[in-house]
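To keep things clear, I will list the structure first and then write my remarks on it.
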Amino acid sequence: MIRVLCISCLCLFCLMVPAATQPNILFIVADDLGIGDTGFSGGKDFPTPFIDRIAKEGAIFTSAYLTSPVCSPSRAGMLSGRYQQRFGHEMNPSEGAVEQEGLPLSEKLLPARLLAAGYHTGIVGKWHLGTEEAYRPLKRGFAEQPLGFLGGSRSYTGNGKGIGKGLLTDDKPVELNGYLTDAFGDAAVGFINRNKGKPWFLYAAFNAAHGPLQPNETVMARVSESLKGDRRKFAGLMLSLDDNVGKMLAALKASGQDENTLIVFISDNGGQTLVGASNLNLRGHKGMPWEGGIRTPMAVRWPSKINAGTTCTSPTITLDISATFMQIATGAVPKDFDGRSFLGAITNAEKLDDNRPIHWRFGAQWATRVGDWKIVRAKAGKEAELYNLAQDPTEKTNLAPTQAEKLKEVQAIHAAWDKTLIAPLWVGNPGQVKEESAKTKAKK
């Protein structure tokens, strides 16, 4: 009895991280951009100096993945810490008020866990995880919503119509003053300044550079005339995003919170090349299980803990971000999380297991990566294909015909994982990516 009590006390002690040592956490999630859209990940078409500063002064992840090639399921994974297919959030929900099309209420989300650990939690920007009242941010662990909207996309100007498009502050309707990306940046700065002196978590979920392609005209003079059409407009969206990342960095510095704030920057899915994004030479785009649909630029900065110029080459997935946040905040990763913490890898150069399987399922499409090997089924009815990403990062040469044993091995790993999942709770729109592209072009 005494032994059990001592062990319990020790475990409790491990989970209690003093508030004085808990860092602030700024989680910046961009929308629909690829690895060719930030300078630190190889983009050259336009400058992103403030986003690049996060990378330069911290750690770059060169093999970072999302859990889904589209917006809402990806966000469900990163905020739950679990593969979203485990609880049926496999597809984008319908736009507007649709009962029970939202991140299932059975899931305890990252902000709720951090709130319980002593953090003040806030969300700025896009939600896209349910519009009905029970699914909204203030019901899922966020203590504050300075400014945001509930749906998957909206105009960068005007007030928006419909339940998913209108702007909200603490779930109350408000009007947009100015350009949307700037308004979100200002709201984030306000949150940072208001909450100095206590540990906070801010989910800064910008909808840039998701369509519609409506750049702020005040930044377009800074976009190279050599860029044309969609790419030029997309660049304008990115310049505004980068400017507002700069605002947040400046606020941290001016308020004395810079050294003890952990910043993570990612996109929510691969670049939507149909409307101007770039995945460089990676195959595919948003909506596909190829590298171009599921890879993201990823940078992490924490001046007091991470050395500038750090690089992590191990395959990493956004589930690991949630796990790392929890380890930092509480001293442990929740047992029901699917990710692993990378804290030791970026602060103490600890070695991660590069052969850990990483999985995807998006309707009839699926993929699994184990080490350098990746198996992909890109369409219903098609045979699975096999690629060696170390030798063929652009997925051009299908090795399935010559590597039958390796194909069988990775297929078995995927099948075992698939058995742990449930069916999607809603069907979604199988043609959503092409339809979204058509709508975006029509609004330009």
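The values are calculated or read from the model by the stated rules, or taken from the named source; none is laboratory data. Keep in mind the model is a prediction, meaning the values are calculated, not measured. Glycine also receives a Cβ, built like all others from the backbone with ideal geometry; neighbour counts cover every protein chain displayed.
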* Within segment 282-296, identify whether any single residue is assigned by TED's automatic domain parsing to the domain that holds T62, over 30 Å from G246 (Cβ atoms), at pLDDT 95 or above and over 19 Å from the mean Cα position of the chain (by Cα), and answer yes or no. => yes
* Matching residues, segment 174-212, being in contact (Cβ under 8 Å) with a residue 60 or more places away in the chain and over 30 Å from T273 (Cα atoms) -> V189, F191, I192, N193, N195, K196, K198, P199, W200, F201
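Can you confirm whether segment 307-330 contains a residue that is part of a loop (DSSP other than H, G, I, E, B) and closer than 23 Å to L421 by Cα?
If we filter segment 307-330 for residues that are part of a loop (DSSP other than H, G, I, E, B), which is where we start, we get 307-309, 313-315.
If we keep only those that are closer than 23 Å to L421 by Cα as well, we get 315.
Within segment 307-330 (the criterion being part of a loop (DSSP other than H, G, I, E, B) and closer than 23 Å to L421 by Cα), the answer is yes, since at least one residue qualifies.
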* **segment 41-81, residues that are within 21 Å of D320 (Cα to Cα) and aromatic (F, W, Y)** => F61, Y65
* How many residues are part of a loop (DSSP other than H, G, I, E, B), within 21 Å of L352 (Cβ to Cβ) and among the basic types (K, R) when one looks only at segment 368-423? -> 0
* Regarding A332, is this residue out of contact with any Gly (no Cβ under 8 Å at 6 or more places or on another chain), free of Cβ contacts under 8 Å to residues at least 12 places away in the same chain and of a type outside the set (F, W, Y)? -> no
* Structure fact -> Scanning segment 156-173 for residues that are over 12 Å from E95 (Cβ atoms), in a loop (DSSP other than H, G, I, E, B) and free of Cβ contacts under 8 Å to residues at least 40 places away in the same chain gives G158, N159, G166, D170, D171
* Selection count, segment 113-142, where residues are within 25 Å of K335 (Cα to Cα), small (G, A, S) and touching a helix residue (DSSP H, G or I) at 6+ places or on another chain (Cβ under 6 Å) -> 3
* Asked: With respect to I358, is the statement that it is buried (at least 24 other Cβ atoms within 10 Å of the Cβ) and either small (G, A, S) or farther than 17 Å from T261 by Cα (or both) true?
  -> no
* To do: Select, from K396, K406, K382, the only residue that is modelled with pLDDT of 95 or more and surrounded by fewer than 16 Cβ atoms within 10 Å (Cβ to Cβ).
  => K396
* Asked: Does L176 qualify as being at pLDDT 95 or above, surrounded by fewer than 24 Cβ atoms within 10 Å (Cβ to Cβ) and either in contact with an Asp or Glu (Cβ under 9 Å, 6 or more places away or on another chain) or in a strand (DSSP E or B) (or both)?
  -> no
* To do: Please find, within segment 348-365, the residue that is nearest to G58 (Cα to Cα) out of those that are within 19 Å of the chain's Cα centre (by Cα) and hydrophobic (A, V, I, L, M, F, W, C).
  => I358
* Pull up segment 19-33, narrow it to residues that are farther than 16 Å from T181 by Cβ and touching a strand residue (DSSP E or B) at 6+ places or on another chain (Cβ under 7 Å), then point me to the one that is surrounded by the most Cβ atoms within 10 Å (Cβ to Cβ). => L26
* **Residue list for segment 409-427, restricted to those being of a type in the set (A, V, I, L, M) and either crowded, with 16+ Cβ neighbours inside 10 Å or in contact with a Lys or Arg (Cβ under 6 Å, 6 or more places away or on another chain) (or both)** => V410, I413, L421, L425
* **Single residue of A209, A204, A188 found to be within 29 Å of R231 (Cβ to Cβ), in contact with a helix residue (DSSP H, G or I) (Cβ under 7 Å, 6 or more places away or on another chain), part of a helix (DSSP H, G or I) and not basic (K, R)** => A188
* Asked: Within segment 392-410, restricting attention to residues that are under 27 Å from the mean Cα position of the chain (by Cα) and in contact (Cβ under 8 Å) with a residue 12 or more places away in the chain, which residue is farthest from G292 (Cα to Cα)?
  -> V410
